[in-house]
Amino acid sequence: MSFDTPILFLVFNRPDVTKIVFEKIRKQKPKYLFIAADGPRILNNEDEENCLAVKEIFNEIDWDCELKTLYRIDNLGCKNAVSSAIDWFFDQVEEGIILEDDILPDDSFFPFCSKMLEHYRSDEKVMHISGFNVCGTWKEKKQSYHFSYFGGIWGWASWRRAWKHYDVNILDWNDKQLQNNILEKYFPKEMRVARKNLYDDLYNGKINTWDYQWTFARLIYNGMSVIPSKNLVINIGFNIDATHTSVMPEWILNHSFSMKMPMSIQRNVICDKKYDEIHLMKSSGIKNRNYLMLSVQKYFKNIYNEIRNS
């Protein structure tokens, strides 16, 4: 039996982790599989070999599927390679799942995303489905999922209708009124300077990434994320070969769970504000909000340095 929800698999130069994640995908036997690979970096012999080894993994596709590939000859880098690959994906499908080469999902991640894509297909308030729960578990005894204004991209799903609002260059950030509205509505005052600096750097092209722009697009439109009550993914790519995740942050509980099926469906799309507060604190490395002001600047400074030097 095949899995009907389209899957986009984003890969580059790490055949070891790619092989592991691919085995999870193969287990699902997706009917529609899209593979996008960035090209090797200039004069990097290891990249040449590893990028070729990654592509050879897909010779092992042994089920009936419609396969489409986007294999870059040149290296576009994280920002442009990933964002353009997702553009390519949603140009061809109305909805689907996106997995990067180092994100290992639990088997239940796939039916979870498929069910949420179907249920909220026409609900403009919902723009993103995440497999990642920053708390590990959250009210799991009384619900299958909740809603957040945030939501990780370690295994996620969305719709063309939502992705059309994405702008990798966040040109709307030039609107000062919009800046103030986003910072005041979604971030505690202690975080606003750091978040403004981050978006300033994104706008000015100083950070080679794509994911903060996706959060920005959702915040403009008050877009909600579906968050599973149990974390459904782990990142197996924390090593020296990673582009942005060479060291696992202390706040990450890198452990996945299984989602109980069938799921319970939420009656209303309402943000869980307490979860969002914890999400912001944890993802900033904060254990107590009293230390937020002292720690958040240091956190974002480390992010800037790591991305700029990549």
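With R₀ fixed at 25 Å, the C-beta to C-beta distance from Ser258 to Asn169 puts the FRET efficiency at about 0.05. Near Phe3, the amide H atoms lying under 5 Å from its own belong to Lys31; only residues 5 or more places off or on other chains count, and H is placed 1.01 Å from N.
Taking label points 7 Å from Cα along the Cα-to-Cβ direction, Leu178 and Ile265 give a separation of 3.4 nm. What is the antiparallel percent of DSSP beta bridges lying wholly in the chain, to the nearest 5? Just about 40 percent of them are antiparallel.
Overall shape of the chain was characterised from the C-alpha gyration tensor. The equivalent ellipsoid obtained from it has semi-axes of 29, 24, 19 Å, in decreasing order. You can think of it this way: the chain between Ser2 and Arg41 has 10.5 nm of extra reach, that is 0.36 nm per residue less the Cα-Cα gap.
The packing ranking, built from the mean of other Cβ atoms within 10 Å per residue, places the peptides 142-150, 55-63 in the order 142-150, 55-63, highest first.
Please enumerate, by chain and number, the lysines with C-alpha under 28 Å from the C-alpha of Lys24, excluding those fewer than 8 residues away in the same chain. Reachable lysines: Lys55, Lys68, Lys79, Lys115, Lys139, Lys141, Lys230, Lys260. Computed packing ranks the peptides 110-117, 204-211 as 110-117, 204-211, most packed first, by mean other Cβ atoms within 10 Å.
Put in line by how crowded their Cβ is, counting other Cβ atoms within 10 Å and starting with the fewest, Asp91, Asp38 read Asp91, Asp38. Helical runs assigned H by DSSP (4 residues or longer) give the chain a calculated mean residue ellipticity at 222 nm of -11500 deg cm²/dmol, each run adding -39500 (n - 2.57) before division by the residue total.
A simple packing score, the average count of other Cβ atoms within 10 Å per residue, orders the peptides 213-223, 191-201, 254-264 as 213-223, 191-201, 254-264, with the highest score first. Scattering from the range 41-176 was approximated by placing one identical point on each alpha carbon and applying the Debye formula without solvent; log10 I(q)/I(0) at 0.09, 0.11, 0.14, 0.20 1/Å stands at -0.36, -0.53, -0.84, -1.40.
Rule-based calculations on the coordinates, nothing more; no lab input. Computed from a predicted model, the values in this text were never measured in an experiment. With ideal geometry, Cβ positions are generated from the backbone for all residues, glycine too; neighbour counts draw on all protein chains shown.
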